[in-house]
1. Can you name the residue in segment 250-263 that is in contact (Cβ under 8 Å) with a residue 40 or more places away in the chain and touching a strand residue (DSSP E or B) at 6+ places or on another chain (Cβ under 9 Å) and is also surrounded by the fewest Cβ atoms within 10 Å (Cβ to Cβ) among such residues?
2. When residues of segment 335-351 are filtered for being outside any helix (DSSP H, G or I) and either surrounded by 17 or more Cβ atoms within 10 Å (Cβ to Cβ) or touching a Phe, Trp or Tyr at 6+ places or on another chain (Cβ under 9 Å) (or both), how many remain?
3. Please verify whether segment 156-179 includes one or more residues that are farther than 28 Å from T16 by Cβ, of a type in the set (S, T, N, Q), at pLDDT below 90 and touching a Phe, Trp or Tyr at 6+ places or on another chain (Cβ under 7 Å).
4. Does at least one position in segment 167-181 carry a residue that is under 20 Å from N259 (Cα atoms), part of a strand (DSSP E or B) and over 17 Å from the mean Cα position of the chain (by Cα)?
5. Failed condition for E219, given (1) surrounded by fewer than 18 Cβ atoms within 10 Å (Cβ to Cβ); (2) part of a helix (DSSP H, G or I), with all others met?
6. Do you know which of the residues in segment 100-129 that are touching a residue at least 60 places away in the same chain (Cβ under 8 Å) and aliphatic (A, V, I, L, M) is farthest from N267 (Cα to Cα)?
7. Name the pairs whose Cβ atoms lie under 8 Å apart, with the first residue in segment 71-99 and touching a residue at least 40 places away in the same chain (Cβ under 8 Å) and farther than 28 Å from R316 by Cα, the second in a helix (DSSP H, G or I) and of a type in the set (A, V, I, L, M), and 6 or more positions between them or separate chains?
8. If you check V358 against the conditions, is it open to solvent by less than 10 Å² (accessible area, probe 1.4 Å), touching a Lys or Arg at 6+ places or on another chain (Cβ under 8 Å), β-branched (V, I, T) and assigned to a helix (DSSP H, G or I)?
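The values are calculated or read from the model by the stated rules, or taken from the named source; none is laboratory data. None of the values given here were measured: they were computed from a predicted structure. Ideal geometry is used to build each Cβ from the backbone, glycine not excepted, and the neighbour counts take in all protein chains shown. Keep in mind that these areas ignore ligands, DNA and RNA; they rest on the heavy atoms of the full protein, side chains included. Shrake-Rupley method; radii C 1.70, N 1.55, O 1.52, S 1.80 Å.
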Amino acid sequence: MNINIYGSTGFIGRKTLKLIDNNLPNLKINLLCAKSNIKLLKKQILKYKPNYAFLYEHENLPYFKSKIGNTKILNLDELKNYLSTSKSDLSLLAVSGYKSLYYLESIIKNTDNLGIVSKEAIVSAGHIFKKKKFFNKTNIFPIDSEHFSLFDFFNKSNKRKNIKNVILTASGGPFYKKKFSSLSNIKFSQAIKHPKWKMGYKNSIDSATLVNKCLELIEAHYLFDIPYHKMEILIHPQAIVHSMVEFDNYVTNFNLFKNDMSIPILNFLLCSKIKSKNRIGKLYSRDFKTLNFHKVKNDIFPIYKFFNSLDKENPRNLIKFNIGNEFAVNLFKKQMIKYTDIYKIIRKVTSLNLYSSVNTIKDIIDYHEEIESKIHKLKIHNL
């Protein structure tokens, strides 16, 4: 059995490789793909000896040999050819941002089981995947904790009918007790200090603003065909209950597990049918002493009110929401805007009047680039 990892040098990619080391040493690493971290990718190649490796920022390729040991370093055309002519047992897509759309359709066709962490791709193109039934052509395994909890529940219980409401929980991030208006001087280093999860910087920022959960509502809509009016968010600081499914008969199922990304990742890896050596993430009685749930307050998370006001049946609004956030988070990381400006930029970008077609993957990529071009021309970050 083999696995391709797209985003091997990121947080999820590194965690996945560590889990394979400790639990599934017989799972063969076939392909490692990274964006720009040459040094770490080279270390991973030397350690795991994959058949292939790929570096997205191809201008750095001259620093790489065409081979490292027996590993062939692919360029973009060679990667596309590999995806179109081969088949993998498992693929993990852990690439942040919409640019994973460049490869997603090919990856889906290439693999039997796709573990997906790249929510931005589903947010932007979910309407196409749903229409063309892309997710019926391979086994899609969502790895975000909330979607994994729903995926696991629906698969084991087969309860899809008579659902009244689905709740996704949010820890609230580091500022869930503070009014949004008081956060203008928050630093990047403060915003990425998530109280419960260890994540990459973008997911950490998105968690602090609650954008992460808005994107996850979109993802849940596309993955599980749940209407938006049947979904909501609750703040749950303990981050043990990841979702709840309420039925018409007044029964609500809580889907819970330890707040550790190792659990959904390892469950995905076990699609390989190779037995795990170790148990991870056990919950103890002390973990259940206090479980609190709170309604989302608009003066703490104004983005949620704005998100609920969007016409979500128009995929352009979701794409603009996604792009505006990605653009704003990068500006905040570069210290070019204040933390509270993230919300303002999302609103501005979402209000842009751009009506281009979004009926194909290429359309969506072009739409992204069109919006980004307009953002730069308008200097939208000069608030």
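1. Looking only at segment 250-263, we keep the residues that are in contact (Cβ under 8 Å) with a residue 40 or more places away in the chain, and these are 253, 255-257, 259, 261-263.
Okay, now just the ones that are also touching a strand residue (DSSP E or B) at 6+ places or on another chain (Cβ under 9 Å), so 253, 255-257, 259.
Values: N253: 13, N255: 21, L256: 20, F257: 18, N259: 21.
Filtering segment 250-263 for residues that are in contact (Cβ under 8 Å) with a residue 40 or more places away in the chain and touching a strand residue (DSSP E or B) at 6+ places or on another chain (Cβ under 9 Å), the one surrounded by the fewest Cβ atoms within 10 Å (Cβ to Cβ) comes out as N253.
2. First pass over segment 335-351, keeping only residues outside any helix (DSSP H, G or I): 335-340, 351.
Checking which are either surrounded by 17 or more Cβ atoms within 10 Å (Cβ to Cβ) or touching a Phe, Trp or Tyr at 6+ places or on another chain (Cβ under 9 Å) (or both) leaves us with 335, 337-340.
Total meeting the criteria: 5.
3. Yes, segment 156-179 contains a residue that is farther than 28 Å from T16 by Cβ, of a type in the set (S, T, N, Q), at pLDDT below 90 and touching a Phe, Trp or Tyr at 6+ places or on another chain (Cβ under 7 Å).
4. So the first thing to find is which residues in segment 167-181 are under 20 Å from N259 (Cα atoms), and the list is 167-176.
If we keep only those that are part of a strand (DSSP E or B) too, we end up with 167-170.
Now drop any that are not over 17 Å from the mean Cα position of the chain (by Cα), which leaves 167.
Looking through segment 167-181, at least one residue is under 20 Å from N259 (Cα atoms), part of a strand (DSSP E or B) and over 17 Å from the mean Cα position of the chain (by Cα).
5. All conditions are met except number (1).
6. It comes out as I128.
7. L90/L269; S91/I107
8. Working: open to solvent by less than 10 Å² (accessible area, probe 1.4 Å): yes; touching a Lys or Arg at 6+ places or on another chain (Cβ under 8 Å): yes; β-branched (V, I, T): yes; assigned to a helix (DSSP H, G or I): no.
When the stated conditions are applied, V358 does not pass them.
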